[in-house]
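Can you keep this structure in mind? I'll have questions shortly.
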2 protein chains.
Amino acid sequence: MKAVGVVVEYNPFHNGHLYHAKQSKNQSNADVVIAVMSGHFLQRGEPSLVDKWHRTKMALQNGIDLVIELPYVFSTGHATHFAEGAITLLNAIGCETFTFGSEEGTIEPFFNTYHLIKAHEEEYNSLIKQFVTTGISYPQSLYMAYEQLRQKVSKATIDLSQPNNILGYHYIEAAKRLNLSIEPSTIQRIQAGYHDSINVNSSIASATGIRKAIFEEQLLQRVKKYVPSETYLQLENWNNQYHTFIHWESLWSYLRYAILRNTPEQLTQFADVSEGIEHALIKAAKKSDSFFDFMNNVKSKRYTWTRLQRMLTHIYTGITKEQLHQSSKPSYIRLLGMTTTGQAYLSEKKKQFTLPLISRVASVKDPMLALDIRATDMYALGVELSTKEKIAKDYQTPPIRL
Amino acid sequence: MKAVGVVVEYNPFHNGHLYHAKQSKNQSNADVVIAVMSGHFLQRGEPSLVDKWHRTKMALQNGIDLVIELPYVFSTGHATHFAEGAITLLNAIGCETFTFGSEEGTIEPFFNTYHLIKAHEEEYNSLIKQFVTTGISYPQSLYMAYEQLRQKVSKATIDLSQPNNILGYHYIEAAKRLNLSIEPSTIQRIQAGYHDSINVNSSIASATGIRKAIFEEQLLQRVKKYVPSETYLQLENWNNQYHTFIHWESLWSYLRYAILRNTPEQLTQFADVSEGIEHALIKAAKKSDSFFDFMNNVKSKRYTWTRLQRMLTHIYTGITKEQLHQSSKPSYIRLLGMTTTGQAYLSEKKKQFTLPLISRVASVKDPMLALDIRATDMYALGVELSTKEKIAKDYQTPPIRL
């Protein structure tokens, strides 16, 4: 059996994801689609709307055959690290190819960009440094340095101001750098931009737009046309049980406590907290009544919203820099769910996997897995706060079977 | 002006305290009574019922002229450390004597006990060790070792199974060991035992009994006869404003989060957390729905309720062993409140104080004071949780004047 891999968050699974899953299978002639999905804390430093098991069900009902978890260490990391973890896992579970959605839509310009940067690495890095020292933000400096390099070649290269192009670039860069046999391919994204609000004239909306509609309009009904019916059902189930979707506001009182419980020096044990931001965090926590209020009090030119949220994720979960960096490569394949096709694939290929497959966490001692379990426990507290009900935890939840 | 000192928690101030304050002044012929009072976290590892400013008001309205704060480092410490901090402060602020309530009631047997233990220190310590190794609890081992020594002398010695005698012993031991000029004296406690429930036939009840009545019967009215009218008014004021008195259940959700946010190894950075109790704390936190439930899940012969509560205090405030031990002697006299008499005393004697007097914390940088401020912030969160109102903080609250 032949497998194609996708890197996902499914927060929540929507019609654009369905399109991508189908196209991935068709383009690659694969028998199974394997998704490596972030757990409860996501790349932009946010908790997921609903838990990973509900999101796994959405995926398995819509064209994904196997869902494996991207460990916390990678799912909350910078793009380079995120990509490294995700592509390593897809390679380890035997995918011949992986596909990613991009604004670009064809793979050749990605390779050209990769070779261009690779060939001028020193120049590129020194350009970035130059821009950063003038006070330009890091992402903006990256972009400007790249635009200068780009003028050196006539070949088509990608536009690195587009968020999905950036992600795709990092996937390819990781695969090449780690010398993995897995092959990249890309699929043109349709309609919705990454940050767009939902659009009534389309059935495609970005996950960001869908979440925004859910939180701002407090009306689940509003997003029905943008998600497969099974997603809608899972969202409804969750909402009936917990009466809230999870976002930073759900975790705010704990986060605030966690910030105030530390000295500025102690806060610097968390990734990215340095250069004085620790003082600003404490000062803002003292006077803010909500997460939104807090973010506006702490935000500055120097720190993007995403960078701040990533720091806060680690402060919230209590996972220190040292713990994050104790191992830099995935050490296991954690199975979150499978269809019968996915199960058949596992039976056939399991012996060739280059990392151990974990179905039940109880018997496994692994420091990276311990962080995933911690992240789940911390996520669960956000739900309990409003419902006093305990949600399913890692130890008690076997992989979903469909 | 002549001053007498008392060591107090006033949680809350009751008729027994009033009796003690009056007797202290009379017996010592002092002009002012100075109380060194614990802040928001107390010796038995509990948060105070109401904040330290409400408790200061109760004291100033009932015979106390100056209230100074016993820093967190001492107020939550073991008896030896607690006594060291308290007596050092009373000495530093110029008290000629201090008085303590005791079951014994006369001072001579305290001195005899002090000399007895001092003269047989090695034997005493080795006896304690012997008992501890047979699995007997530490407090019980202390008591048994002492009872053996006691047989050596015919002079009257104190009964060290009585909680107030124990405290008094530690005060005297601290004063002698530190070679302080302050002189001890004692006052016989009347009626209520330390742990007694309230008794309808008396106007004296222990603070423990009063708190129990407040929490179990949820009827403030019930304790009216055991406290001065000004205490009752302060309790009423607090209750009208915050709709809750503070106890561990108020802080439980944060405490639970704080426990679950750590690995077992990380929990051992807090005082007294060692020898495997860290695993038991995490396990119990996962399954417990309330603080009471938690304590019953974690309690064992090896750990007394008080010892567990002290660990939990430090975990809750986030104050590590290292922070607790960074300085072992008080470095300031923090003024919480004063009557006009107290103010006159300060004017007259301030220059002779052996430690700096702090009235406003904002301008002072002191690591020990920083912990007191942290403790207040953490205490305030327990109040905010139910009221969404911020209580007065250290930076914003000047000393109470009466």
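The values are calculated or read from the model by the stated rules, or taken from the named source; none is laboratory data. Quick caveat, the model's predicted, so the values are computed rather than measured. As a convention, Cβ positions derive from the backbone with ideal geometry for all residues, glycine included, and neighbour counts pool all protein chains shown. In case anyone asks, the SASA skips ligands and DNA or RNA and just uses the protein heavy atoms, side chains included. Shrake-Rupley method; radii C 1.70, N 1.55, O 1.52, S 1.80 Å.
Can you check what the net charge comes to around B:Ala174, using other residues whose Cβ is under 12 Å from the Cβ of B:Ala174 (Lys, Arg +1; Asp, Glu -1)? If you can, show how the numbers build up before the last one.
Details: positive: B:Lys176, B:Arg177, B:Lys329; negative: B:Glu84, B:Glu173.
Result for the local shell: +1.
Kindly give the distances from B:Pro356 to its copy-mates, label point to label point, with each label point 7 Å from Cα along Cα→Cβ, as nm values to one decimal ordered shortest first.
Listed shortest first, these distances are 5.7 nm.
Here's a follow-up. Solvent-accessible area per residue for the protein assembly as shown at a 1.4 Å probe radius, Å²?
Per-residue accessible area for the protein assembly as shown comes out at 41 Å².
Output the antiparallel fraction of DSSP beta bridges having both residues in chain B, as a percent to the nearest 5.
Of the beta bridges lying entirely in chain B, close to 20 percent run antiparallel.
Then there's this: Where does the protein assembly as shown land at 222 nm, in deg cm²/dmol rounded to the nearest 500, when only DSSP H runs of n ≥ 4 count, each adding -39500 (n - 2.57), divided by all residues? The partial results should precede the final answer.
Values: 36 runs with 406 residues, N = 804.
When only DSSP H runs of four or more count, the value is -15500 deg cm²/dmol.
Right, here's the next one. Would you mind checking which residues have amide H under 5 Å from B:Ile358's amide H? H placed 1.01 Å from N; only 5 or more apart, or other chain.
B:Ile333, B:Arg334, B:Leu335
Moving on. Can you give the relative contact order of region A:302-402 as a percent, counting alpha carbon pairs under 8 Å and 6+ residues apart?
Relative contact order comes out at 34 percent.
Still on this structure: Quote the relative contact order of region B:248-325 in percent (integer), defining contacts as alpha-carbon pairs under 8 Å separated by 6+ residues.
It comes to 40 percent, rounded to a whole number.
Interface A/B, total buried accessible area with a 1.4 Å probe, nearest 100 Å²?
It comes to approximately 2300 Å² buried between A and B.
For A:Lys176, A:Lys351, A:Lys118, what's the largest-to-smallest order of accessible area, 1.4 Å probe?
Result, largest first: A:Lys351, A:Lys118, A:Lys176.
Let me spell out the model: positive unit charges on the Cβ of Lys and Arg, negative unit charges on the Cβ of Asp and Glu, origin at the Cα centre of the protein assembly as shown. What dipole size does that give, in debye rounded to 20?
My answer is approximately 180 debye.
OK, next. Going 7 Å from Cα along the Cα-Cβ axis for the label, what nanometre distances separate A:Pro264 from the same residue across the other copies?
Distances to the matching label points in the other copies: 3.7 nm.
Which semi-axis lengths, in whole Å and largest first, follow from the square roots of five times the eigenvalues of the Cα gyration tensor of region A:248-325?
17, 14, 12
Let me ask another. Considering every residue in A:253-263, what mean count of other chain Cβ atoms within 10 Å of its Cβ is obtained?
So the per-residue partner count for this stretch is 6.
Sequence-distant or interchain residues sharing an amide H contact under 5 Å with A:Leu70, placed H: which?
The list, which skips near neighbours in sequence, is A:Met37, A:Ser38, A:Gly39.
Same structure again: As I understand it, the dipole of chain B uses +1 on the Cβ of Lys and Arg and -1 on the Cβ of Asp and Glu, about the Cα centre. Which of B:Ala344, B:Tyr146, B:Phe292 lies farthest toward its positive end?
In chain B, that residue is B:Ala344.
Hey, another quick one. Residue by residue, what Karplus-based ³J(HN,Hα) values in Hz, rounded to whole numbers, does region A:300-317 have, using 6.51, -1.76 and 1.60 with θ = phi - 60° and x for Gly and Pro?
With the stated coefficients, region A:300-317 comes to 8, 4, 5, 10, 6, 3, 5, 5, 4, 4, 5, 4, 5, 4, 5, 5, 4, 7 Hz.
In the protein assembly as shown, with Lys and Arg counted as +1 and Asp and Glu as -1 at Cβ, which of these residues, A:Asn237, A:Val273, A:Leu49, has the Cα nearest the positive end of the dipole, that is, farthest along it?
A:Asn237
Here's another thing I want to ask about it. Between beta-carbons, use under 12 Å as the cut-off and find the net charge around B:Lys299, counting Lys and Arg +1, Asp and Glu -1.
Numbers: positive: B:Lys301, B:Arg302, B:Arg307; negative: B:Asp293.
Net of charged neighbours comes to +2.
Could you work out the relative contact order of chain A? I mean the mean sequence separation of Cα pairs under 8 Å and 6+ apart, divided by the number of residues, in percent.
23
On to the next question. At 1.4 Å probe size, put A:Arg401, A:Arg211 in order of accessible surface, largest to smallest.
A:Arg401, A:Arg211
With charges set only on the Cβ (+1 for Lys and Arg, -1 for Asp and Glu), what does the dipole of chain A come to about its Cα centre, in debye to the nearest 20?
Around 340 debye, computed over chain A.
Around B:Phe100, which amide H atoms from residues at least 5 apart in sequence, or from another chain, sit under 5 Å from its own amide H, with H modelled in the peptide plane?
Amide H neighbours of B:Phe100, under 5 Å, 5+ apart: B:Ser185, B:Thr186, B:Ile187.
Okay, next question. Rounded to the nearest percent, how much of the accessible area of chain B (1.4 Å probe, protein heavy atoms only) is carbon and sulfur?
Carbon and sulfur atoms account for 49 percent of the accessible area of chain B.
Any chance you could look up the accessible area of A:Val132 with a 1.4 Å probe, heavy atoms only, rounded to 10 Å²?
Per-residue accessible area (A:Val132): approximately 60 Å².
Could you check what % of the DSSP bridge pairs in the protein assembly as shown are antiparallel, to the nearest 5?
Around 20 percent of the beta bridges assigned by DSSP in the protein assembly as shown are antiparallel ones.
At A:Asn125, with labels set 7 Å past Cα in the Cβ direction, how many nm apart are the copies from this one, shortest first?
List, nearest first: 5.7 nm.
For region B:1-131, what is the charge dipole size about the Cα centre, in debye to the nearest 20, if Lys and Arg each add +1 at the Cβ and Asp and Glu each add -1 at the Cβ?
Roughly 400 debye for region B:1-131.
Just reorder B:Ser253, B:Ser203 by solvent-accessible area, largest first, 1.4 Å probe, all chains present.
Solvent-accessible surface, decreasing: B:Ser203, B:Ser253.
Hey, another quick one. Given a 1.4 Å probe and the protein chains all in place, what does the accessible area of A:Asp372 round to, in Å² to the nearest 10?
0
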